Amino acid sequence: MVARATSDLLPSLLEGFPELAENYNTAPTDPIAAVRERGGERELATPRWGFVPGWYPDLKKRPQPINARIETVATSGMFRKAFASGRCIIPAQGYYEWVITENGKQPHYIFEPDAALAMAGIVTAWRDRSKADDDPDRWVLSTAIITRDSHVAPGEVHDRMPACLTPDAYDAWLDADLVPDDALALLDAESVEVAHSLSHYEVSKDANSVRNNGPQLIEPLP
């Protein structure tokens, strides 16, 4: 995932928030930006990427999934509570997917021209019981991105893709009163619409390692 969505690219989502940190090769457990609603107000949080439900005994327990499937996110014991009450939007400039070739894994950069992506996600809080009740670090936020079958996208690269929202759906998706069945229907329709606007091109194999970072990773191959 490429975390470089500036306020001018997603104005109705990010206006009024601090500029986002750039990360051209986000790795699991990295902090990522997530917009959620609390007390009727939007806030910009920075959960770790890799879902840790509140009932996990510690932060080392696996798995810590970075994705949640739209087909099961509302019913899975791992995700259903967060889907019902912890929906969020994860802004991103784009993301990588890979095609297996004779010469190894070839990364493609996938993006929406002239815009950024508003990926649907879920966020939850894990309580660190080793810390005191008044310790500000006693709660650890974590998140997963919701994915869907990518065959709704023309020229798909991979069999799964992030489920994304259009600006018209931000308010409804973040509304805690939206029941899970309606949230699923909304996301299904929205993500199909966004999928049809995506483009992609091949980029350097340097993107295959999260040790590499920088804007050169999203430059198209000659």
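Here, each number is a calculation from the coordinates, and none is a lab measurement. Keep in mind the model is a prediction, meaning the values are calculated, not measured. Positions of Cβ are backbone-derived with ideal geometry, glycine not excepted, and every protein chain shown enters the neighbour counts.
Just so you know, the Rg over Rh for the chain is 0.96, from Cα atoms, with Rh as the Kirkwood radius. The ranking of 191, 76, 85 from fewest to most other beta carbons within 10 Å of each one's beta carbon is 85, 76, 191. Modelled label positions at residue 210 and residue 58, each set 7 Å beyond Cα in the direction of Cβ, lie 2.1 nm from each other. Helical content of the chain, expressed as a calculated mean residue ellipticity at 222 nm, amounts to -3500 deg cm²/dmol (DSSP H runs of 4 or more residues, -39,500 (n - 2.57) each, divided by residue number, nearest 500).
Mind giving me the nanometre distance, one decimal, between the label points for residue 43 and residue 105, set 7 Å out from Cα along Cα→Cβ? Rounded to a tenth, the inter-label distance reads 3.5 nm. Using 0.36 nm per residue and subtracting the Cα-Cα separation, the extra length available between residue 127 and residue 168 on full extension is 11.4 nm. Ordering 7, 150, 142 from the fewest to the most neighbouring beta carbons within 10 Å gives 7, 150, 142.
Note on residue 105: lysines with a C-alpha under 24 Å away, same-chain residues under 8 apart excluded, are 205. Among 37, 71, the ranking by other beta carbons within 10 Å of each residue's beta carbon, starting with the fewest, stands as 71, 37.
Seen against the Cα atoms of the chain and their longest principal axis, helix 180-195 is set at about 20 degrees.
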